[in-house]
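Just so it is clear, none of the values below were taken in a lab; they were calculated from the coordinates. Keep in mind it's a predicted model, so treat the numbers as computed, not measured. Here Cβ is always computed from backbone atoms with ideal geometry, including for glycine, and neighbour counts include all displayed protein chains.
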Amino acid sequence: MYLVSFVSPVSFMSTTNIQLPPRDNRLVRSTGYFVIELKTGKFQPEYAGKLNFYVALVDDKFKRAAHGATVGILICGSKNEHSVRYALGRSDSPMAVSTYTYDSLPVEEQKAVPGESELSAAFDQVDVPDKTSPD
């Protein structure tokens, strides 16, 4: 399980300040967490239960009142749409299941994708907020 804090839907692992135009309150700065789990094989319904557990854990240990909903993302090697629909059908948390297709990427794009060690190092640098500190 990887825990990623986000501040803007368009920025990943970084803080972004959005300048609001005068008299335009449609743009809102949102904060919250993504829980991302990577699986190498085919989606199994029990993966949704485990992801839901991780989302609940993040909500309990890290989420503050100002945060938006914690989003769970499960990335698998393959999936069956019916299994995913039934597994996520009763979930109260926003969750999604997707597949990865690294082998089908053109060689130039495969070179641009960070390797496992680079991704692990990036996630090791993510700061986890201390819930005991004031909001």
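Please work out the FRET efficiency for the pair Ser91 and Lys61, using the Cβ-Cβ distance as r and a Förster radius of 25 Å; give the result to the nearest 0.05. For R0 = 25 Å, the calculated efficiency reads 0.80. Each peptide in 117-123, 49-55 receives the mean, over its residues, of other Cβ atoms within 10 Å, and ordering these scores from highest gives 49-55, 117-123. The distance between label points at Ile75 and Asp103 comes to 1.7 nm (points 7 Å beyond Cα on the Cα→Cβ vector).
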